Amino acid sequence: MILSILELSFVVVAALLTALNRMFALLYMAAIVIDVIKDFHHDEMVRFYRNRANTYTLAILGIFFSFLIAFSKKVDLEAMNAFIVFGFILKNLLSADRILERNKLIKWVGGIFGILVLLFTFLSHGFTAEGFIESAIGIYVLFATFVAIRWRIAGFTMFSAIAGFFLYFFIKSLAKGVFTTGKMGTLLFVIFPLVYLSVQSLRREEKL
Amino acid sequence: MKMMIKLREIRAQLGITQEELAKKVGVSRQTINYIERGKYKPTVILALKIAKVLNKNVEEIFVLEESDWE
């Protein structure tokens, strides 16, 4: 249903290591193969929602990346990586929205997102003072996840507040200059998941 | 599409659980739940399988409403 840990591992490892050697991009194929094989084992309803998510994903990626190609000064390796990684994330989030119960969805998405933020923080800054300060974001996301599972409005407020915080700085920096892949990364991999989580927090739990 | 679905009441009358029905027609319990709540419209094949398992005609379980023609 949602990205399996194995698939996610391939995507994260490929995204991290491609900067060192472009050959690691081939690891994306393992995740893609797993995703395709999984489809054969789903029932018709899950396949229906996954197919619908594919259509929306293509539309969103197409619109977003056509803007990127049109307005950024150069389209680099990071942008190509983002195209694949965000495609994976978006497809799975859009289908999980209909397939998983609210609490399970928030637990998985919030949990994985918070852990990834912590992982990337310590990988980029190490166990330094800067690393510990930035890790506050990951801890905040994990705490907001814990809150959102229990209290809808409180969870929505916490996720919206941090999404709004990043969105403010994103718009501010966008107003200053051109659209860069760094800014694009903030939008796709930080702001979008936070907005998604805040919307999901508002969802009422239904017994499936 | 607002098709009326009588699956829940028919299933209850026959004393079959969602889990049992799901197993017999080869889908997840969640799919049966979504069909009963009108959130998912099954394919013709699945509708026919459900009708066969419940020993009913498809039209007894899935009923077209006037508004479906609009």
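Among the residues of region A:89-108, those identified as within 12 Å of the chain's Cα centre (by Cα) and open to solvent by less than 20 Å² (accessible area, probe 1.4 Å) are A:90, A:92, A:93.
From the list A:132, A:169, A:127, A:143, which one is in a loop (DSSP other than H, G, I, E, B) and surrounded by fewer than 19 Cβ atoms within 10 Å (Cβ to Cβ)?
Step by step, each of A:132, A:169, A:127, A:143 is checked, and only A:127 is in a loop (DSSP other than H, G, I, E, B) and surrounded by fewer than 19 Cβ atoms within 10 Å (Cβ to Cβ).
Yes/no matrix, rows are residues, columns are (1) at pLDDT below 90; (2) open to solvent by 40 Å² or more (accessible area, probe 1.4 Å):
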| position | (1), (2) |
| --- | --- |
| A:18 | yes, no |
| A:41 | yes, yes |
| A:54 | no, yes |
| A:71 | yes, yes |
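The number of residues in region B:49-61 that are open to solvent by less than 20 Å² (accessible area, probe 1.4 Å) and either in contact with a Gly (Cβ under 8 Å, 6 or more places away or on another chain) or closer than 15 Å to residue A:44 by Cβ (or both) comes to 1.
Just name the residue that is farthest from residue A:191 (Cα to Cα) out of those in region A:148-163 that are in a helix (DSSP H, G or I) and either of a type in the set (S, T, N, Q) or over 20 Å from the mean Cα position of the chain (by Cα) (or both).
Ranking the qualifying residues of region A:148-163, first place goes to A:150.
Looking only at region A:48-55, decide whether some residue is assigned to a helix (DSSP H, G or I), basic (Lys, Arg) and within 24 Å of residue A:187 (Cα to Cα). The answer is yes, given that some residue of region A:48-55 is assigned to a helix (DSSP H, G or I), basic (Lys, Arg) and within 24 Å of residue A:187 (Cα to Cα). If you filter region B:3-48 down to residues that are loosely packed, with under 13 Cβ neighbours inside 10 Å and in a helix (DSSP H, G or I), you find that the one that is nearest to the other protein chains (Cβ to nearest Cβ) is B:45.
Cβ contacts < 7 Å: first residue closer than 17 Å to residue A:183 by Cβ and touching a residue at least 12 places away in the same chain (Cβ under 8 Å), restricted to region A:50-73; second residue open to solvent by 70 Å² or more (accessible area, probe 1.4 Å) and outside any helix (DSSP H, G or I), any location; separation 6+ or different chain. Result? Matching pairs, first to second residue: A:68/A:75.
Within region B:49-61, can one find any residue that is within 13 Å of another protein chain (Cβ to nearest Cβ), touching a residue at least 24 places away in the same chain (Cβ under 8 Å) and of a type in the set (Asp, Glu)? No, the conditions are met nowhere in region B:49-61. Condition test on residue A:191, is it open to solvent by 40 Å² or more (accessible area, probe 1.4 Å), of a type in the set (Val, Ile, Thr) and either part of a helix (DSSP H, G or I) or farther than 26 Å from residue A:11 by Cα (or both)? So residue A:191 does not fit the description; no.
The values are calculated or read from the model by the stated rules, or taken from the named source; none is laboratory data. What you see is a predicted model, and the numbers here were worked out from it, not measured in a lab. Neighbour counts are summed over all protein chains in view; Cβ atoms, including those assigned to glycine, are modelled from backbone coordinates with ideal geometry. Heavy atoms of the whole protein, side chains included, go into the accessibility calculation; ligands, DNA and RNA do not. Shrake-Rupley method; radii C 1.70, N 1.55, O 1.52, S 1.80 Å.
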